[in-house]
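The values are calculated or read from the model by the stated rules, or taken from the named source; none is laboratory data. Values in this document were obtained by computation on a predicted structure and should not be read as measured data. FYI the Cβ positions are ideal-geometry reconstructions off the backbone, even for glycines, and counts take in every protein chain you see. In case anyone asks, the SASA skips ligands and DNA or RNA and just uses the protein heavy atoms, side chains included. Shrake-Rupley method; radii C 1.70, N 1.55, O 1.52, S 1.80 Å.
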Amino acid sequence: MNSQLQQDWPQLTAAYDIHCDLSAVSTIGGGHINDTYQFIDKNGTNAWILQRINTHVFPTPWKVQTNFDTVSAYLKKTNYPLEILSVKLTSEQESLCHTKNNYWRVLPKINNAKPQLSVTDSEQAFQAAKAVGYFDQALDDLPPQQIDSVIPGFHDLNLRLEQFKESLLHNHANRKNLISSELNLIEKFKYLAKWLPQMNQEKKLPLRVVHNDTKISNILLCNTTGKARAVIDWDTIMPGYRLYDFGDMVRSFTPSAKEDTTDIHQVEVRFDVLQALTDGYLTGCTNALNEFERIHLLTGAKVIIFMVGVRFLTDYLNGDVYFKTQTDNQNLNRCRNQFKLLQQLEK
């Protein structure tokens, strides 16, 4: 059990009126950033999600939660067809519980649904992408000015390339000599960094409120029907472009192998899944995309895949300080797999 949870458990039980032993709290894995757990209430009927916000990644957790609460309240006023996330308030009517060193929140667990680690078939891709489309369309009229940029430059490819150059210069983990082929590929695709700013300057890509992290594990599918129940993990909701949300689905839905597989030859774009997620997203977001966005969905996918690959490589050079890893080369493998997808989409 995480030492932070053990340390904060007495305060959490008081803040949320939790009546169960710490031994009954189980870990939910799969996320790269926050620590997530689940527990059952004192009546043994309602399940809850307990989450510790990673303040290294999110240095302003109250702003993260304010965005969350703003989106939750806004969606309740729309005809959004999926489950709307909403936190349980503390005894002091706060959305977060602030302990000495941590920020925690509690949400109701959505029953009979679970996140997927990968997309198994095109129908699953269609249902999940349609859910993201519903989410983006429902937020179409929410002014971006009402949402804080909790991670400035989160999807700024120019910034990510500058951060990579800095990591390359310092070479903290002494790994620079292992990435020669990746360096060549970055040179080939760095032209993508100019495209988004140029399209924004020409007012072809409107700034909107978007999810920014639409990987398959952030869509809950019903265990019974296979249809989407909820889009989760709202911490990166910020002003951005719809192409980001589409692109991250391509990145996480279409690969034929796991994100961190060590066998790059297994990594292929499944084009039937790509077609299905495109159809699903356009079905859900049919009234909230302009013609330019529709035409350039795949360019957005290349931007996101390249950017995420650069971020994995940057973290690898920095000594794996951002993304959770279990092996020394896990971030390098993640990077190489992203770059393989990018090259296939380019063809």
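Counting only protein heavy atoms and a 1.4 Å probe, region 77-226 has 53 square angstrom of accessible area per residue. Each of SER86, TYR134, THR36 was scored by the projection of its Cα onto the charge dipole of the chain, and the greatest displacement toward the positive side belongs to TYR134; charges sit on the C-beta of Lys, Arg, Asp and Glu.
With the whole protein complex present, THR70 retains an accessible surface near 40 Å², based on a 1.4 Å probe. Label zone (SER181, point 7 Å along Cα-to-C-beta; backbone nitrogen cut-off 18 Å) within region 249-270: 256-269. Remark: C-alpha extents of the chain on the principal axes read 57, 49, 38 Å, sorted largest to smallest.
Overall, the accessible surface of the chain at a probe of 1.4 angstrom is composed of carbon and sulfur to the extent of 48 percent.
The gain in end-to-end length when the GLN146 to LYS165 segment is fully stretched comes to 3.5 nm, 0.36 nm per residue minus the alpha carbon separation. Give the calculated FRET efficiency between LYS114 and ILE295 to the nearest 0.05, with a Förster radius of 35 Å applied to their Cβ-Cβ distance. Working from the Cβ atoms, E equals 0.50.
Taken about its Cα centre, region 57-169 carries a charge dipole of about 380 debye when Lys and Arg each add +1 at the Cβ and Asp and Glu each add -1 at the Cβ. For the chain, build the charge dipole from Cβ charges (+1 Lys, Arg; -1 Asp, Glu) around the Cα centre, then report which of ALA14, LEU342, ALA125 sits farthest towards its positive end. So the residue furthest toward the plus end is LEU342. Overall, the chain carries a charge dipole of about 400 debye about its Cα centre when +1 sits on the Cβ of Lys and Arg and -1 on the Cβ of Asp and Glu, all other atoms neutral.
Backbone N atoms of region 10-30 closer than 17 Å to the 7 Å Cα→Cβ label point of ASN101 belong to residues 10-12.
Taking CYS20, CYS222, CYS97 as the candidate residues, the one with maximal mean-square fluctuation in a Gaussian network model of the chain, Cα springs under 10 Å, is CYS20. Using the average count of surrounding beta-carbon atoms within 10 Å as a protection proxy, the listed peptides 123-131, 173-181 rank, highest first, as 123-131, 173-181.
Long hydrophobic helices in the chain, taken as whole DSSP H segments with a C-alpha length of 18 Å or more on their own axis and mean Kyte-Doolittle hydropathy at least 0.5: 297-318. In the elastic network of the chain, a GNM with C-alpha springs shorter than 10 Å, the most mobile of VAL132, VAL267, VAL231 is VAL267. Listed by chain and number, the lysines whose alpha-carbon sits under 18 Å from that of LYS88, ignoring those within fewer than 8 places in the same chain, are LYS42, LYS63, LYS76, LYS109.
This model, with +1 at the C-beta of Lys and Arg and -1 at the C-beta of Asp and Glu, gives region 222-347 a dipole about its Cα centre of some 140 debye.
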